[in-house]
Amino acid sequence: MSKEDFNPLLKSDQPIVLRKGELSKHFRVLTSEEVEKLGPLSAGGETNPTRYGKLYVFGTSSFIVLKHYYRGTFESVWSGIEELAAEGSLVSTREVFNELLNYNDADYVQTWAKNYKSIFSTPANDELEFVARIFRVAHFNALISQKAMLKGTPVADPFVIAAAAIKDGTVVTQERFKPNAAKVPNVCEHFGVRWTDLEGFMKQENWSF
């Protein structure tokens, strides 16, 4: 698959908006030959949410929870997060940044995100290819809510999963695994991508308060 298949999505800092009926505009159906070249629908590695990589890819939900960790009280939390961000061990995606800016009642987190905008990377070609693989599983199209489709608002979850898959990282999300659901942990389990929540992330870093 050539870069030209995905480059139109990478030309600016504008969010990749997935509207109702437009998935095919961004993610075309591949030929059998192309599917064969991509190989099995797996990011590699065993499925085990307790096995962590050092790279953490934060989703929107975990950033939103951090608004309850007031800096004056939880200085060590923010210092630790900023240290990991500075060394490149904590990253996110451009679409998470855009979701945060659209979120109400998260002023401090929004300000923090603007100050650390460099960690919110634009998805690379291989990440976009992985997003396409996610959406080839029809059930996972539900990652895009009806509200997001109708309003044309940013949708970050598939890009967070793709970034973790390609970079061999761990997704940090507040969503919970539910049988037969189209939640972030379900997609991670399907593709063998590591995942945890904010509490698990802090335990992995041996933080205690």
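Can you find even one residue in the stretch 127-135 that is under 30 Å from residue 73 (Cβ atoms) and at pLDDT 95 or above? Scanning the stretch 127-135, I find no residue that is under 30 Å from residue 73 (Cβ atoms) and at pLDDT 95 or above, so the answer is no.
This table checks each residue for (1) under 14 Å from the mean Cα position of the chain (by Cα); (2) surrounded by fewer than 22 Cβ atoms within 10 Å (Cβ to Cβ); (3) modelled with pLDDT of 95 or more; (4) in a helix (DSSP H, G or I).
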{"residue": "80", "(1), (2), (3), (4)": "no, yes, yes, yes"}
{"residue": "92", "(1), (2), (3), (4)": "yes, no, yes, no"}
{"residue": "142", "(1), (2), (3), (4)": "no, yes, no, yes"}
{"residue": "149", "(1), (2), (3), (4)": "no, yes, no, yes"}
{"residue": "179", "(1), (2), (3), (4)": "no, yes, no, no"}
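Taken together, 155, 171 contain a single residue that is in contact with an Asp or Glu (Cβ under 7 Å, 6 or more places away or on another chain) and either within 30 Å of residue 208 (Cβ to Cβ) or surrounded by fewer than 23 Cβ atoms within 10 Å (Cβ to Cβ) (or both), which is 155.
For every residue, the table says whether it meets (1) free of Cβ contacts under 8 Å to residues at least 12 places away in the same chain; (2) under 17 Å from residue 57 (Cβ atoms).
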| residue | (1), (2) |
| --- | --- |
| 106 | no, no |
| 115 | yes, no |
| 157 | no, yes |
| 191 | no, yes |
| 198 | no, yes |
| 204 | no, yes |
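For the stretch 52-63, the set of residues classified as out of contact with any Lys or Arg (no Cβ under 9 Å at 6 or more places or on another chain) and modelled with pLDDT of 95 or more consists of 56, 58, 59, 60, 61, 62, 63, listed by residue number. Entry remark, the stretch 102-122: residues being part of a loop (DSSP other than H, G, I, E, B), modelled with pLDDT under 95 and not hydrophobic (A, V, I, L, M, F, W, C) number 3 in total.
The values are calculated or read from the model by the stated rules, or taken from the named source; none is laboratory data. Quick caveat, the model's predicted, so the values are computed rather than measured. Reconstructed Cβ throughout: ideal geometry from the backbone, glycine too, with neighbour counts over all protein chains shown.
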